[in-house]
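Some notes on the structure that comes next.
The values are calculated or read from the model by the stated rules, or taken from the named source; none is laboratory data. The structure presented is a predicted model; accordingly, all values stated were derived computationally and were not measured. When we count neighbours, we look across all protein chains shown, and the Cβ atoms used for this are built from the backbone with ideal geometry, even at glycine. With ligands, DNA and RNA removed, areas are computed over all heavy atoms of the protein, side chains included. Shrake-Rupley method; radii C 1.70, N 1.55, O 1.52, S 1.80 Å.
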Amino acid sequence: MPRTRRSLLAATASFAVGVLGGCVARDGGGTADASTENRTTSDRSPSAAQSSESATATPLPDRTVALPDGPKTRPDHPDSLTLETARTYARKFEYGYVYNSLWYSESTEVTLSCEVVDAREVDVGYKVVVSCTGYSNTGGGGESDGNTTATMVHADYFTQVYTYLLDEDSVVRRRATAAEKS
């Protein structure tokens, strides 16, 4: 059966989301997430990127990682940064980041669960480890011209864990180390 251009584009893009959705932040994957992380962490010394709890603190770069395009916007940076506001902010930020990574169009339904694994004050501000798991379904809703049937595309987002380093004017997002995950 011939597909309409719209359903073919939706299926192709959704397939890419499905393929990349579970791998959004794999190291060296070449995704927008990895390049954003590399750009953000490259502004700091390698020792600070690997361990924010080193004896000599390197200040965070005065900028915030961008969210992927999508319906979720970046949460407001807390006016007063405390351990509790850092926890809340990092969880909301990661939720929006992953949600937008899984979202394709208005016909996308995203189901996502995020939780804080660990949070503590460190020499450069606050370190918050966040874990998210979810999936998205795109399409499949009533687009039929008699010759084609709309296809529902499903994308899994298997559990991913990210570490946030926060101070008054910076947000650094990087893949959590094995030690940070436990």
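First select every other residue whose beta carbon is under 9 angstrom from the beta carbon of residue 117; then total the charges, Lys and Arg +1, Asp and Glu -1. Can you show the working numbers first?
On the way: positive: 181; negative: 115, 118, 180.
Here the count lands on -2.
How much length is gained on full extension from residue 106 to residue 182, taking 0.36 nm per residue of separation minus their Cα-Cα distance?
On the way: separation 76, 0.36 × 76 = 27.36 nm, distance 3.64 nm.
Result for the pair: 23.7 nm of gain on full extension.
With all protein chains present, calculate the accessible area of residue 91 using a 1.4 Å probe and round the result to the nearest 10 Å².
Roll a 1.4 Å probe over it and residue 91 shows about 90 Å².
Grab the beta carbon distance between residue 58 and residue 156, set R0 = 35 Å, and tell me the FRET efficiency rounded to 0.05. Could the numbers behind the result be given before it?
Details: r = 36 Å, r/R0 = 1.04.
Efficiency for this residue pair is about 0.45.
In whole percent, what relative contact order does the range 58-146 give with Cα contacts below 8 Å and a gap of six or more residues? It would help to have the intermediate numbers written out before the result.
Working: 119 pairs, mean separation 23.9, N = 89.
Reported relative contact order: 27 percent.
Report the net charge of residues surrounding residue 81, where surrounding means a beta-carbon distance below 15 angstrom and charges are Lys +1, Arg +1, Asp -1, Glu -1. The partial results should precede the final answer.
On the way: positive: 87, 91, 92, 120, 127; negative: 62, 76, 79, 84, 121, 123, 167, 168, 169.
Result for the local shell: -4.
Work out how much length residue 169 to residue 121 would gain on full extension: take 0.36 nm times their residue separation and subtract the Cα-Cα distance, in nm to one decimal.
Numbers: separation 48, 0.36 × 48 = 17.28 nm, distance 1.56 nm.
Stretched fully, the residue 169-residue 121 segment lengthens by 15.7 nm.
Enumerate the lysines that residue 127 could reach by cross-link, defined here as Cα to Cα under 20 Å, with residues fewer than 8 away along the same chain left out.
92, 181
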